[in-house]
Amino acid sequence: MRPPSLRTLHGAQQAQLTFIRRCAPSVSSVKSWQVASCRWQSSTSSPGQQAKKPYYITTPIFYVNAAPHIGHLHSMVLADVIKRWEQVKGNEAVLCTGTDEHGMKIQRAAMKVDMDPKDFCDSNANKFKSLAAQAEISNDFFIRTTDPDHKDAVEVFWMHLKHTLPKQLGLYKGVHKGWYCVSDECFYPEDLVAPAIHPQTGRKVMISTETENEVEWVEEETWFFPLTKYKDALLRFYEENPNWITPAHRLNEVKDWVNNHLEDLSVTRPASRLSWGISDPENQSQTIYVWVDALINYLTTTGYGAKWQGPNHDMGIWPADLQIIGKDILRFHAIYWPALLMALGLPLPKRLLCHDHWKMSGRKMSKSLGNVVNPVLALQRWGVDALRYFLMKSATHTKDMGYSNDLIAVAYNKELRAATGNLFQRIAMPRASAKWSIEQAVEAQRDDSNPVHQLKDIETLESHLVVVKDTVQKAMDNLDPAAATRATFALLREANRYISDEAPWDVAKDPSPEARCRLNHIIFQASEALRVAAILMQPIMPAKMTELLDKLGVKQERRTLEWAEFRKDLEYFGPSVAERDVRRPKWDTLFPPALDGDMSDMEALTMASNFQGDKKSNEMNMMLEVLALEARLGKDVLEQFREKKEEKA
Ligand code: MSP
């Protein structure tokens, strides 16, 4: 169904406004606001019958003034990983990403290259769309704020703000005088701007003390949203929901802002200054503020405007279960957005995850410094899953993250090639003389009378396998994929140490039945480590872990979280898998050799076309020794090297 057009809105305005008035909250309902637990009703369920709504997760929508960089990819991957995690848990999940295309910043960028703004947006939005596809982002929606259904949603929202709220809570007209920052697309209060010298031109300018971007003085007639009237409701909401933002310390920043800097929000710009945006449906000379326009994207995808318009309707997948944002856009999502939703009586998103930023050589990535990482080249160089792994392993949410090819190379060689790919190679594809197979090892476990169950004095990986699922689950439910990668890698490192110590190739030389039993036991421990790790790592490396689970012959329906337990599945690696893998060429490894980290992405990609394969088998052996050593010491030696390097940077 098409959303109501503007004409419908005008034509049926009386009826509409009557409806809108009915839905509007009273002052007291705003005051007593809490995160509403509105239930989703599936369209097929009968009235009163409630169904669990899908988990709805969003990324910020990206400005299209420039091409995407690694930070944008980070937001997308983080959201995708959490969506896929919900799916591994067996839940339905929906992910929305997209592009933010209106506002002064885009208007000026298009003008600079002498392009029509819409053509300019079309071209750049495609770059973000294509990046999402290349990075295996499983987004269900890609919203563009220039889409007609979004325009309709913004207009419906706007009409509510203007016409249906109690007088002191709705929009009012006034003259706005203040410092506007085009780069950040927001006004800054007087106490958060300061004079500075423009580094390139030597011009005296005013800048935001937060972002150091230039601000300009603006004095114009606009509509205001009375944000200050929502102060108490906001503060009460934060008090009642102390875990609303992850990490928790971000909530203090938000409270501080609300307590000390809150001002009413100017929510239109005169069209004479800003024409590239959505106009006030009742007055084309005013253009709606780009942040109000942009935030509503999260509702557009739920069918707001077209399918529902108020809290008494079936709100589809709204409210969002999780909104992912970078630290620079915290205020918009943790103050403006909840206040706007409160104004309309709509439930607030259930949770925000605020991530830090990627830096290069210790400095903020910026075009003028020339240190912006092109995510497309990085994906091509390292492979989609390896880059996703590196981003997530670094996603700590407590400090900025340092991007460097050296660090990616270390993680790639140690954690992916050696600990994961080579472990599979070691146990699944033994030399013909080795006389073991995963198939036999799993089969022996199925048979209760098999002597493998009577083995004494032999180490198992059980204690590690028993805890890993819970540790990863806790980490992922705490939105901490870095901790999840650490736990999984620790298991694989232990499994590699175990294989080195137990040396199945030596045991295989002994033809006795007891030795055969030992072999089956050893191989089973390691294959369980791989099976469980692969299930747990699917959200982070969807393609590679699917490949690994396929190689292990794990059935499709046994790849959800409940199966990530020691001995839970004893029906994998059947005869057809064994035969298929024996015929696989030796070089067809899960994580092929990569070039050194000290080259730029461009150099590495050029060299890769001439690369002949792995000539460095000694390097792999050394890496295996490092893994075994680390497992014995119980610490990550190379991780310490990484931290030292980051400190230096
Ligand atoms: N259009 C707004 C968001 C509107 S959401 C209703 C915007 N766009 S942005 O393109 O500038 O930024 C999008 C996201 O990328 C933000 O979450 C931002 O924090 C993130 N990143 C921008 N630079 C980054 C890094 N260097 N590192 C990690 N993330 C970064 O803001």
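The values are calculated or read from the model by the stated rules, or taken from the named source; none is laboratory data. Worth saying up front: this structure is predicted, and the values here are computed from it rather than measured. Here the Cβ is made from the backbone with ideal geometry for all residues, glycine too, and neighbour counts use every protein chain on show. What goes into the accessible areas is simple: the full protein's heavy atoms, side chains included, and nothing from ligands, DNA or RNA. Shrake-Rupley method; radii C 1.70, N 1.55, O 1.52, S 1.80 Å.
Brief remarks follow.
- Boolean, LEU491 is in contact (Cβ under 8 Å) with a residue 60 or more places away in the chain, under 24 Å from TRP563 (Cα atoms), among the aliphatic types (A, V, I, L, M) and in a helix (DSSP H, G or I): no
- Residues of region 49-79 satisfying the condition of being among the basic types (Lys, Arg) and either open to solvent by less than 20 Å² (accessible area, probe 1.4 Å) or at pLDDT 95 or above (or both): LYS53
- Only listed residue being touching a helix residue (DSSP H, G or I) at 6+ places or on another chain (Cβ under 7 Å) and either of a type in the set (Phe, Trp, Tyr) or farther than 30 Å from ALA483 by Cα (or both), chosen from PHE237, PHE187, PHE224: PHE237
- Residues of region 310-331 classified as more than 7 Å from the ligand (Cβ to nearest atom), within 23 Å of LEU251 (Cβ to Cβ) and not β-branched (Val, Ile, Thr), total: 8
- All positions within region 243-300 that are crowded, with 17+ Cβ neighbours inside 10 Å, of a type in the set (D, E, K, R) and over 19 Å from GLN107 (Cα atoms): ARG250
- Number of positions in region 554-564 that are outside any helix (DSSP H, G or I) and either surrounded by fewer than 17 Cβ atoms within 10 Å (Cβ to Cβ) or modelled with pLDDT under 95 (or both): 2
- Here the strands (runs of 3 or more DSSP E) wholly within region 97-215 that include at least 1 residues being touching a Ser or Thr at 6+ places or on another chain (Cβ under 9 Å) and closer than 24 Å to SER272 by Cβ are 172-181, 186-188.
- Residue match in region 80-95 (condition: open to solvent by less than 40 Å² (accessible area, probe 1.4 Å), within 14 Å of the ligand (Cβ to nearest atom) and under 26 Å from VAL292 (Cβ atoms)): no
- When residues of region 493-507 are limited to those that are open to solvent by 10 Å² or more (accessible area, probe 1.4 Å) and in contact with a helix residue (DSSP H, G or I) (Cβ under 8 Å, 6 or more places away or on another chain), the one farthest from ARG351 (Cα to Cα): VAL507
- Residues of region 438-461 that are at pLDDT below 90, open to solvent by less than 40 Å² (accessible area, probe 1.4 Å) and not hydrophobic (A, V, I, L, M, F, W, C): ASN450 alone.
- Test: residue in region 352-360 that is open to solvent by 10 Å² or more (accessible area, probe 1.4 Å) and either more than 10 Å from the ligand (Cβ to nearest atom) or part of a helix (DSSP H, G or I) (or both): no
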